[in-house]
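The values are calculated or read from the model by the stated rules, or taken from the named source; none is laboratory data. Nothing here was measured: the structure is a model prediction, and the numbers come from that model. Every residue, glycine among them, receives a Cβ derived from its backbone with ideal geometry; neighbour counts consider all protein chains shown. Quick note on the areas: whole protein, heavy atoms, side chains included, nothing else; ligands and nucleic acids left out. Shrake-Rupley method; radii C 1.70, N 1.55, O 1.52, S 1.80 Å.
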Amino acid sequence: MKETPLSNCERRFLLRAIEEKKRLDGRQTYDYRNIKISFGTDYGCCIVELGKTRVLGQVSCELVSPKLNRATEGILFFNLELSQMAAPAFEPGRQSDLLVKLNRLLERCLRNSKCIDTESLCVVAGEKVWQIRVDLHLLNHDGNIIDAASIAAIVALCHFRRPDVSVQGEEVTLYTPEERDPVPLSIHHMPICVSFAFFQQGTYLLVDPNEREERVMDGLLVIAMNKHREICTIQSSGGIMLLKDQVLRCSKIAGVKVLEITELIQKALENDQKVRKEGGKFGFAESIASQRITAFKMEKAPIDTSDVEEKAEEIIAEAEPPSEVVSNPVLWTPGTAQIGEGIENSWGDLEESEKEEEDEDGTDEAIILDTIKMDTGVEVSNIGSQDAPIVLSDSEEEEMIILEPDKNPKKIRTQTISAKQEKAPSKKPVKKRKKKRAAN
């Protein structure tokens, strides 16, 4: 997937802001973004955050045969990977020109500068040496990959510990961390890359460009330097012509920035070593801010529990006494019960207008009930009596179930008149009632 190009409006806006010495994130011309270093639980694992650019560094080692022309020196190997997780423009399984350029620059910065004593990695001359492999993974891309990668690589190398080895005759014994403490690498100095972006053919200069500023820049100058102001490597790209004064000015700025970053790295390493010695918690999970929603821990506030009983007694004394509880349920009708005091049901209450209509229609309903009794020949039981059975019938000839309280149900067979003869006389008075209501 190709990256989305900048529009002309965005390009003009960025260039005009740079001309006015303004940046999108509010930094000054020579300001670096915030650098955060966090270490994993294992030695040699770290994450470096340069603003929103994040790089994961991991160092590993193994015993291998040395090179023929350098039989007493160990091997250093650097590998930088640009995954699609960092930016959708990076294609997996294919080495882009940017990746090749970054890998070569890292090797020149760290291997060719002799920052690590490779002769100390020799175990048996010509037979066994340590191969140190530095894997760098770009987790998020927001510009200036080389600076973040160089910091992550040197921090991981300083934090790494290799297993201890002893040689007796031709036997090589490798000790576990439980048997012997791991041995740190011998590091002479710490080279760090500092990037400078040039705009308008070298007229304007920015330190630590972000991703949008890299898109509109005309050229890039990378200077690798240690805190002793020794230039380890220098590289210019973009095809711009720089003057001698511009390069000297950039080297002075780089010396100041490298000194600040080196102090930050040493302080982070000292803090991690102190926590590990004291037996405290360490790792990536502990470096997450507790205020974030994705935090794994919460800050515990101290609670005073000395006078808990006194406070509880005061609360109980001030509280209102509980209301009286009805011990026995109230039986209104058989099969129902009520516990406690309830509110009267107002569902069946009628309004004044409805009560007047009920009084007027009372006579009509009495006539209708008399006609139903005469036609069907079935006596309607007294509904108000509790002990009388309730007869349910739906068809001409069916099983009748008599519901009686506290007795087994009995089955009776009754014969009724045909449905047609039963319903015919009962429909007319109902219609009259409806017409009368409509008239009212």
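Data table
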item: Residue, farthest from ARG108 (Cα to Cα), within the stretch 216-265, restricted to residues that are open to solvent by 60 Å² or more (accessible area, probe 1.4 Å) and acidic (Asp, Glu); result: ASP245
item: Residues located in the stretch 20-38, provided they are farther than 19 Å from ILE145 by Cβ and either open to solvent by 90 Å² or more (accessible area, probe 1.4 Å) or aliphatic (A, V, I, L, M) (or both); result: GLU20, LYS21, LYS22, GLN28
item: Some residue of the stretch 160-167 being in contact with a Cys (Cβ under 6 Å, 6 or more places away or on another chain) and open to solvent by 10 Å² or more (accessible area, probe 1.4 Å); result: yes
item: Looking only at the stretch 291-312, and only at residues there that are of a type in the set (Asp, Glu) and over 38 Å from the mean Cα position of the chain (by Cα), the one that is modelled with the lowest pLDDT; result: ASP307
item: Failed item in (1) open to solvent by 10 Å² or more (accessible area, probe 1.4 Å); (2) in contact with an Asp or Glu (Cβ under 6 Å, 6 or more places away or on another chain), with ASN144 passing the rest; result: (1)
item: Hits in the stretch 125-154 (condition: in contact with a helix residue (DSSP H, G or I) (Cβ under 8 Å, 6 or more places away or on another chain) and on the phi > 0 side of the Ramachandran plot); result: GLY143, ASN144
item: Flag for LEU259 being outside any helix (DSSP H, G or I), within 40 Å of the chain's Cα centre (by Cα) and modelled with pLDDT of 90 or more; result: no
item: Matching residues in the stretch 143-174 - criterion: being β-branched (Val, Ile, Thr) and more than 25 Å from PHE196 (Cβ to Cβ); result: VAL165, VAL167, VAL172, THR173
item: The stretch 212-250, residues that are touching a strand residue (DSSP E or B) at 6+ places or on another chain (Cβ under 6 Å), among the small types (Gly, Ala, Ser) and not in a strand (DSSP E or B); result: GLY238
item: Condition met for LEU206 (farther than 25 Å from GLU107 by Cβ and assigned to a helix (DSSP H, G or I)); result: no
item: Members of the stretch 175-208 that are on the phi > 0 side of the Ramachandran plot and of a type in the set (Asp, Glu); result: ASP208
item: Conditions (1) of a type outside the set (D, E, K, R); (2) at pLDDT below 90; (3) outside any helix (DSSP H, G or I); (4) closer than 21 Å to VAL222 by Cβ: number failed by PRO88; result: (4)
item: Unique residue being modelled with pLDDT of 90 or more, in contact with a Cys (Cβ under 8 Å, 6 or more places away or on another chain), open to solvent by less than 30 Å² (accessible area, probe 1.4 Å) and within 27 Å of PRO184 (Cβ to Cβ) when the list is LEU80, LEU105; result: LEU105
item: Odd one out for ARG111, checked against (1) at negative phi; (2) touching a helix residue (DSSP H, G or I) at 6+ places or on another chain (Cβ under 9 Å); (3) buried (at least 20 other Cβ atoms within 10 Å of the Cβ); result: (3)
item: Flag for ILE47 being open to solvent by less than 50 Å² (accessible area, probe 1.4 Å), closer than 23 Å to LEU259 by Cα and either in contact (Cβ under 8 Å) with a residue 40 or more places away in the chain or outside any helix (DSSP H, G or I) (or both); result: yes
item: Odd one out for MET85, checked against (1) buried (at least 16 other Cβ atoms within 10 Å of the Cβ); (2) closer than 23 Å to LYS2 by Cα; (3) aliphatic (A, V, I, L, M); (4) in contact (Cβ under 8 Å) with a residue 40 or more places away in the chain; result: (1)
item: Options SER150, SER186; residue that is among the polar types (S, T, N, Q), modelled with pLDDT of 90 or more and in contact with a Cys (Cβ under 8 Å, 6 or more places away or on another chain); result: SER150
